[in-house]
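Read the structure below first, then the notes.
The values are calculated or read from the model by the stated rules, or taken from the named source; none is laboratory data. All values reported here derive from a predicted model rather than from experimental measurement. Don't worry about glycine lacking a Cβ; one is built from the backbone with ideal geometry, like all the others, and counts go over all protein chains shown. We work out accessible area using only protein heavy atoms, side chains counted, and drop any ligands, DNA or RNA first. Shrake-Rupley method; radii C 1.70, N 1.55, O 1.52, S 1.80 Å.
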Amino acid sequence: MSKRVPNLILLGPPGAGKGTQAKMLVDRYRIPQLSTGDMLRAAIASASELGKTVQSYVTSGGLVPDELVLSVLRERIAAPDCSAGYILDGFPRTVGQAESLEKLLIERGSPLAAVLSITVPDQELIDRLTGRRICTKCSSSFHLLFSAPKVADVCDHCGAALYQRKDDSREVITNRLKVYHEQTAPLIKFYQERKLLHTVEGRGKIEMIFGAVCDIMDGLTRS
Ligand code: AP5
């Protein structure tokens, strides 16, 4: 029986651990992480036209309009390194984006294999995001309390400086959570109805959560 291409969505609120788990999946399964948040932040950093247009949405914790995110995603998904599968991190975020993705994947003849919904209560999300620090060079993620770097403000992996994301202030986090509950959480039902949804408990040790994620992934690649 032929293996299914593991096109995967990591769904979850801000701070659920989508990026953390995605990076571990990249190392293990050698398929790329497609993070729309990273793509939009790169556009902002390069001061491109797209970056200038999306900056206010990203820094306030609102959602970038569907058609803009879709154009970015459509281009990325067409790259050769996506032919053996990919991990969507932070996309889709609205029912409109999910419907467009469904059409796009039908056109490409490579449907989704699964959607992993990572669940974490809001209070823990706030604690995680306010303490998050990211490497300016290799993008590794740390936490001041839960996974602190060995030397304060320095990346364990490449020695570069760490920074705090602008949208990780308490005020913006509150808005991001509101937006998630109103606009993104309905995707749980959307994918449940398509029998693609797997729920993963997002509290606990990162390695333990990764074990649960890999069990699902291995089940998909076996079937
Ligand atoms: P995006 O970059 O996608 O941010 P997000 O979804 O808010 O998710 P985060 O990156 O904050 O969290 P995460 O789940 O990846 O958690 P992480 O692993 O880092 O989007 C940013 C913005 O871009 C949006 O607000 C929007 O404006 C725009 N945007 C992006 N995509 C869009 C789209 N499709 N449509 C429209 N707009 C879009 O972990 C968080 C912290 O917790 C870290 O410090 C980590 O070390 C720690 N941690 C992880 N796991 C654990 C654990 N098990 N226990 C303890 N700590 C943990």
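Applying the selection to region 43-69, what residues are touching a residue at least 40 places away in the same chain (Cβ under 8 Å), open to solvent by 30 Å² or more (accessible area, probe 1.4 Å) and part of a helix (DSSP H, G or I)?
THR59, SER60
Going through region 114-142 one residue at a time, which ones are touching a His at 6+ places or on another chain (Cβ under 8 Å) and within 23 Å of ILE87 (Cα to Cα)?
ALA114, VAL115, LEU116, SER117, ARG128, ARG132, ARG133, CYS135, CYS138, SER140
Where residues in region 82-98 are under 18 Å from the mean Cα position of the chain (by Cα) and either surrounded by fewer than 19 Cβ atoms within 10 Å (Cβ to Cβ) or of a type in the set (Lys, Arg) (or both), which of them is nearest to the ligand (Cβ to nearest atom)?
Checked region 82-98; the qualifying residue nearest to the ligand (Cβ to nearest atom) is ARG93.
Which pairs turn up if I take residues in region 161-178 that are closer than 18 Å to PHE142 by Cβ and part of a helix (DSSP H, G or I) and look for partners that are open to solvent by less than 20 Å² (accessible area, probe 1.4 Å) and among the small types (Gly, Ala, Ser) with beta carbon separation below 6 Å, at least 6 apart in sequence or on another chain?
ASP167/GLY61
Count, please, the residues in region 187-202 that happen to be among the aliphatic types (A, V, I, L, M) and assigned to a loop (DSSP other than H, G, I, E, B).
Qualifying residue count, region 187-202: 1.
List the residue pairs whose Cβ atoms are under 6 Å apart, where the first residue sits in region 114-132 and is closer than 20 Å to ILE188 by Cα, the second is hydroxyl-bearing (Ser, Thr, Tyr) and away from the ligand (no atom under 11 Å from the Cβ), and the two are 6 or more positions apart or on different chains.
What qualifies is VAL115/TYR191; SER117/THR199.
Which numbered condition in (1) open to solvent by less than 50 Å² (accessible area, probe 1.4 Å); (2) near the ligand (Cβ under 10 Å from one of its atoms) is the only one that PRO32 fails?
Here PRO32 clears every test but (2).
Name the one entry in GLU75, GLU124 that is near the ligand (Cβ under 8 Å from one of its atoms) and open to solvent by 40 Å² or more (accessible area, probe 1.4 Å).
GLU124
Residue check: is LYS52 out of contact with any Gly (no Cβ under 8 Å at 6 or more places or on another chain) and near the ligand (Cβ under 10 Å from one of its atoms)?
Considered against the rule, which asks whether it is out of contact with any Gly (no Cβ under 8 Å at 6 or more places or on another chain) and near the ligand (Cβ under 10 Å from one of its atoms), LYS52 comes out as no.
Is it the case that ALA152 is of a type in the set (Gly, Ala, Ser), in contact (Cβ under 8 Å) with a residue 12 or more places away in the chain and either within 9 Å of the ligand (Cβ to nearest atom) or over 25 Å from VAL64 (Cβ atoms) (or both)?
Answer is no for this residue.
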